[in-house]
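A short worksheet on the structure shown next.
The values are calculated or read from the model by the stated rules, or taken from the named source; none is laboratory data. It should be emphasised that the depicted structure is a prediction, and the values quoted were computed from it without experimental measurement. Note: ideal-geometry Cβ built from the backbone for every residue, glycine included; neighbour counts use all protein chains shown. Note: accessible area is taken over every heavy atom of the protein model, side chains too, but ligands, DNA and RNA are not part of it. Shrake-Rupley method; radii C 1.70, N 1.55, O 1.52, S 1.80 Å.
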Amino acid sequence: MPPVFRFAPSPNGLLHLGHAYSALLNFDRARETGGRLLLRIEDIDATRCRPEYEAAIYEDLAWLGIAWETPVRRQSEHLGDYRAALERLSALGLVYPTFESRAEIARLIAAREVDGPWPRDPDGAPLYPGDAKSLSADERSHLIASGAPYALRLDMQAACRRAARLNWNERGEGPDGERGIVSARPEAWGDVILARKETPTSYHLSVVVDDALQGVSEIVRGQDLFHATAVHRLLQVLLGLPEPAYRHHPLIRDEAGRKLSKSSRSTGLRALRAAGVTSARVRQLVGLG
């Protein structure tokens, strides 16, 4: 079977040089290996994703000379797939609801940090500090029936016990030079959110479901997602999904060494095109010329 690659942007802003680099790497790998390139629109965040940004994605990628298979998978059209995966994890006893607001969580963390720093995940966000796992089934049902907002979290300790030792095949390079077989440490992320009351999925859940359903065999993406691979491998094992190979690449950064943002006009593809920059020049700017 030919290898399958994917580029999966979120339509919550305009693409920049960092997106161009990742998209071109996937496109080039597909051509070099006789593989297929899929485009996926990750639009589960209904408050930030907009049709005009999705249209701009198609326009910018076409300008770069990138071709992809159709139809394009839009996550918002497949919420049932993610709901089914969530139900499978719930049936294993690995999902529980939490009811604290972001402000309440911040207060809990502040209280705990009186005795020292509270643990953070690899992205620097504090781990969930609440005790919702101690609520009884009746208490949880009452809160949900009352209309209280909630998030559904993965019981990481129980999940790791079920999955045992995890690793992945890194064909690229992690931020600290990691290559080859990498040991996964999903516990570093704590009890990650899998869904919310208003949205039956999260990035972590939807991405592993999509990759499996689309037959993606090699995932080429930025090093900012390297550590998240541990959570993805855990979910793949729990859900009985196939394991793809991973190829993480360095990030394109601005002059100050910061990761590019969709709000940065100086590196936005649309702004560069308007300034007369060619697609061939973009290849040179990201080191592929």
Per residue of segment 133-140, what does 6.51 cos²θ - 1.76 cosθ + 1.60 with θ = phi - 60° give for ³J(HN,Hα)? Whole Hz please, x for Gly and Pro, Karplus curve as stated.
5, 7, 5, 6, 4, 5, 5, 5
What does the helix-only formula give at 222 nm for the chain: each DSSP H stretch with n ≥ 4 adding -39500 (n - 2.57), the total divided by the residues, and the result rounded to the nearest 500 deg cm²/dmol?
-11000 deg cm²/dmol
V95's amide H: which non-local residues (gap 5+, or another chain) put their own amide H closer than 5 Å, with H modeled 1.01 Å from N in plane and none for Pro or chain starts?
D155
Could you tell me what percent of the accessible area of segment 1-92 is made up of carbon and sulfur, with a 1.4 Å probe and every protein chain present?
53
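Rounded to a whole number of µm²/s, how large is the Stokes-Einstein D of segment 216-289 at 25 °C and 0.890 mPa s, given Rh as the Kirkwood radius over C-alpha pairs? All intermediate terms of the calculation are to be shown ahead of the outcome.
Working: Rh = 14.8 Å.
Translational D for this selection: 166 µm²/s.
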Relative counts (whole %) of C-alpha pair distances in segment 1-75, using bins that are 10 Å wide:
20, 54, 23, 3
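Want the number for R185 to T47: 0.36 nm per residue separation, take away the alpha-carbon distance, what's left? Walk me through the numbers on the way to the answer.
On the way: separation 138, 0.36 × 138 = 49.68 nm, distance 3.15 nm.
Taking 0.36 nm per residue and subtracting the Cα distance, the gain is 46.5 nm.
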At 1.4 Å probe size, with every protein chain present, just tell me what the per residue accessible area of segment 22-62 comes to in Å².
46
For L251, placing the label point 7 angstrom along Cα-to-beta-carbon and taking segment 29-69, residues whose amide nitrogen sits under 20 Å are 42
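Counting other Cβ atoms within 10 Å of each Cβ, which trypsin sites (Lys or Arg not before Pro) in segment 202-289 have at most 15 and sit in a DSSP loop? Before the final figure, lay out each step's value.
Working: sites: R221, R233, R247, R253, R258, K259, K262, R265, R270, R273, R281, R283; in loops: R258, K262.
Those that pass, being in a loop and sparsely packed, are R258.
Pop the C-beta distance of V72 and A111 into the FRET formula with R0 = 45 Å and round what comes out to the nearest 0.05. Could you put the intermediate results ahead of the total?
Details: r = 46 Å, r/R0 = 1.02.
It comes out at approximately 0.45.
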Suppose every K and R has +1 on its Cβ and every D and E has -1 on its Cβ; what is the size of the dipole of segment 193-289 about the Cα centre, in Debye to the nearest 20?
520
Skip the ligands, DNA and RNA, and give the accessible area per residue of segment 83-146 with a 1.4 Å probe, whole Å².
63
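May I ask you to list the trypsin sites (Lys or Arg not before Pro) in segment 121-167 that are in a DSSP loop and have at most 14 other Cβ atoms within 10 Å of their Cβ?
Numbers: sites: K133, R140, R153, R161, R162, R165; in loops: R165.
For trypsin sites (Lys or Arg not before Pro) across segment 121-167 that sit outside H, G, I, E and B with at most 14 neighbouring Cβ atoms in 10 Å, the list reads R165.
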Plugging the Cβ-Cβ distance of R171 and E198 into 1/(1 + (r/R0)^6) at R0 = 25 Å yields, to the nearest 0.05, a FRET efficiency of 0.10
If you plug each phi of segment 112-126 into the Karplus form 6.51 cos²θ - 1.76 cosθ + 1.60 with θ = phi - 60°, what whole-Hz ³J(HN,Hα) values come out, in order, with x for Gly and Pro?
6, 7, 4, 9, x, x, 7, x, 10, 7, x, 8, x, 7, x
Given DSSP loops and a limit of at most 14 other Cβ atoms within 10 Å, what is the longest stretch of the chain that contains no such GluC sites (Glu not before Pro)?
1-197
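Percent of accessible area on segment 111-241 owned by carbon and sulfur, 1.4 Å probe? Please report the intermediate quantities before stating the final value.
Numbers: 3090 of 6280 Å².
Carbon plus sulfur share of accessible area: 49 percent.
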Net +/- balance of residues flanking G147 in space, Cβ distance below 13 Å, scoring K and R +1, D and E -1
0
